[in-house]
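S.K.: There's a structure below that I have some questions on.
The values are calculated or read from the model by the stated rules, or taken from the named source; none is laboratory data. Bear in mind the structure is a predicted one, so any value in this text is a computation, not a measurement. Note that we place each Cβ from the backbone using ideal geometry, even for glycine, and neighbour counts take in every protein chain shown. Quick note on the areas: whole protein, heavy atoms, side chains included, nothing else; ligands and nucleic acids left out. Shrake-Rupley method; radii C 1.70, N 1.55, O 1.52, S 1.80 Å.
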Amino acid sequence: METVEMNSVSLKRPRSEDDVASADEIKRQKTLEKSKAENDSGQSIETVTEQPEDMKSEIIPNEESEEQEEEELEDSDEDGDPESFADMMKHGLTESDVGITKFVSSHKGFSGILKERYSDFVVHEIGKDGRVSHLDDFSVPVDDEDPSEETFTVLSDEDKQRLEELQLFKNKETSVAIEVIEDTKEKRTIIHQAVKSLFPGLETKTEDRDGKKYIIAYHAAGKKALAKVRTATDPRKHSWPKSRGSYCHFVLYKENKDTMDAINVLSKFLRVKPNIFSYMGTKDKRAITVQEIAVLRITAQRLAHLNKCLMNFKLGNFSYKNHPLKLGELQGNHFTVVLRNITGTDEQIEQAMHSLREIGFINYYGMQRFGTTAVPTYQIGRAILQNNWNEVMDLILKPRPGAEKGYLVKCREEWAKTKDPAAALKKLPVKRCVEGQLLRGLLKYGMKNIISAFGIIPRNNRLMYIHSYQSYVWNNMVSKRIEEYGLRAVPGDLILKGATAVHIEEGDIDNYTIHDVVMPLPGFDVIYPKHKIGEAYKEMLVADNLDINNMRHKIRDYSLSGAYRKIIIRPQNVNWEVVAYDDPKIPLFTTDLDKLEGKPLPVLPTDGKFRALKMEFSLPPSTYATMAIREVLKMDTSIKNQTQLNTTWLR
């Protein structure tokens, strides 16, 4: 899913007279913040506990020839001057632009800094059995059939380079010869095992040449064998013990990387395709996250070896099972969040957290659902549903004000000037972005076949646009519903009985509360409330030139069946604590990795200059943690609002 990328943000409200007492502390904190150079600065204020129910994950296979260059380009353009960033974000969205306008609690809001450090935001996945994922064991299951540890060190760096080039057909050689220096049967066996386990797709044989023994590595079945996707029913040729489950499950602990990036990195180091990995949900970049991953026929020993060479990743809690993981097969996520430099009184904080625990928060789709530029993703989704393909093309490619990488700006300017896909593509070194994919599609299919050109974009990226439009409608309708009827169930509302939505009748109203009420995402397979909000849905879609009674599209992928979503979410396992601190760089709790490495708990002063709110809570899939935090702080979480309120925090 597409993420909103930004630097750390101060969730500050315009100060009233009650806030003045905290002004000195805030100024001191700003001075510290301006001067510090901190390694774990990063992006993304939004965290969704899971990809929303109507989205499927899809990993774009790496394009080896472009990947390194693209990563360098993406990393090189991350940071900018805070003032210029804030100026650019004046064109971004605010919460009210996407229908996020209501709160459920009555307490007075207060200020705090969300994700000043990515380590202030920790996410632990909750599996379908209710177990919270933790990294607490680096041991590898003992297996007599695993290769020896020497397998990973027997090949020289030069041998590995030549074997990788052979494996990926990067040169014209048809084989690689490795001389056996210490010629024993055991040594030859280890080299055979090393080549086959580290370079899938290669076979080996032993040859005598001029009185010396060589291990010859070669492709057994050419390029097709390498490109073929391996499955449990068609594994790679190398033996896999029948008694061992085909999938190695492990816990992935990652810092400041999203799940797809992490899997692409793991696949590069293991020299396998990303699609042999499976997982239950994607986790945010700007956080420390812990989740379960499964991989087909890669040994725990081989995975554990990656701990020695990967930054910001740790793998552990290995086990073998007979099944992969499936997207959505989880109960949710448990969050540990630190809001730094809070200004609220103890009474305000108690009221806010009690309200979060007892009432909950409005289950809005968060800001990341709608993009960061002056062209929101829901506008593109609306154009797709309207079958207006020229508008789709224009919205994706046209110049727009706002925060974008320089090469994208040049690409858009070229497109506006020439409408020439080839010329615009030349301005775009990163070809795997949506704009690059669409331009390649236009080159391939021509300007008169925009539908096919758009189809080159991966399916989940295309569907993101129409799901964004559904989310936009849902947010607006829920705000209207709460404004009209408040926080009580009323006749005509919808509730779920199993998977079926039914209307609340007058005689049953006492059996339900606001926590039972659901609202539909528009589609052809849902029903709507039988009160004013049902009509409001129709009016909103009519205004957008859409027919609520005909949500089927002539292209099947873009037909919307719809879904139901609870309007109020009450988090579970809510706990909180206010702590004092002096140093904004000091961590305020220990992570799984800290515990494994024996790091002590941070020692905090009893009367520090600043206060932080440490909060924990569990959320079900498809809910946005920042919408819970928004309810506590009573603040607009949009990038535009935060950068206008205070740019000092931005780096």
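S.K.: Confirm whether Lys530 is more than 24 Å from Pro621 (Cβ to Cβ), open to solvent by 80 Å² or more (accessible area, probe 1.4 Å) and part of a helix (DSSP H, G or I).
M.R.: Answer is no for this residue.
S.K.: With touching a His at 6+ places or on another chain (Cβ under 7 Å), outside any loop (DSSP other than H, G, I, E, B) and open to solvent by 40 Å² or more (accessible area, probe 1.4 Å) as the only criterion, which of Gln351, Gln379 stands out?
M.R.: Within the list Gln351, Gln379, the selection yields Gln351.
S.K.: Out of Ile482, Ile495, I need the residue that is among the hydrophobic types (A, V, I, L, M, F, W, C), surrounded by 17 or more Cβ atoms within 10 Å (Cβ to Cβ) and not in a strand (DSSP E or B). Which one?
M.R.: Selected residue: Ile482, the only one of Ile482, Ile495 that is among the hydrophobic types (A, V, I, L, M, F, W, C), surrounded by 17 or more Cβ atoms within 10 Å (Cβ to Cβ) and not in a strand (DSSP E or B).
S.K.: Hey, another quick one. Name the single residue that is modelled with the highest pLDDT among those in segment 164-188 being β-branched (Val, Ile, Thr) and either part of a loop (DSSP other than H, G, I, E, B) or open to solvent by 60 Å² or more (accessible area, probe 1.4 Å) (or both).
M.R.: Once the filter is applied, the top-ranked residue is Val180.
S.K.: Which one is modelled with the lowest pLDDT among residues in segment 263-278 that are under 15 Å from Cys248 (Cα atoms) and outside any helix (DSSP H, G or I)?
M.R.: Across segment 263-278, the extreme among qualifying residues is Val272.
S.K.: While we're here: Do the conditions hold for Tyr445, that is, is it more than 30 Å from the chain's Cα centre (by Cα) and not polar (S, T, N, Q)?
M.R.: yes
S.K.: Which of the residues belonging to segment 141-163 are assigned to a loop (DSSP other than H, G, I, E, B), open to solvent by less than 90 Å² (accessible area, probe 1.4 Å) and either modelled with pLDDT of 90 or more or under 20 Å from Ile190 (Cα atoms) (or both)?
M.R.: Asp143, Asp146, Pro147, Ser148, Val154, Leu155, Ser156, listed by residue number.
Conditions (1) over 29 Å from Glu116 (Cα atoms); (2) open to solvent by 40 Å² or more (accessible area, probe 1.4 Å), marked per residue:
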| site | (1), (2) |
| --- | --- |
| Asn312 | no, yes |
| Tyr320 | yes, yes |
| Phe335 | no, no |
| Asn341 | no, no |
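S.K.: Please find, among Gly344, Gly332, Gly316, the residue that is among the small types (Gly, Ala, Ser), under 30 Å from Arg488 (Cα atoms) and in a strand (DSSP E or B).
M.R.: On inspection, the qualifying residue turns out to be Gly332.
S.K.: When you scan segment 354-370, how many residues do you find that are more than 27 Å from the chain's Cα centre (by Cα) and either crowded, with 20+ Cβ neighbours inside 10 Å or within 24 Å of Ile276 (Cβ to Cβ) (or both)?
M.R.: 0
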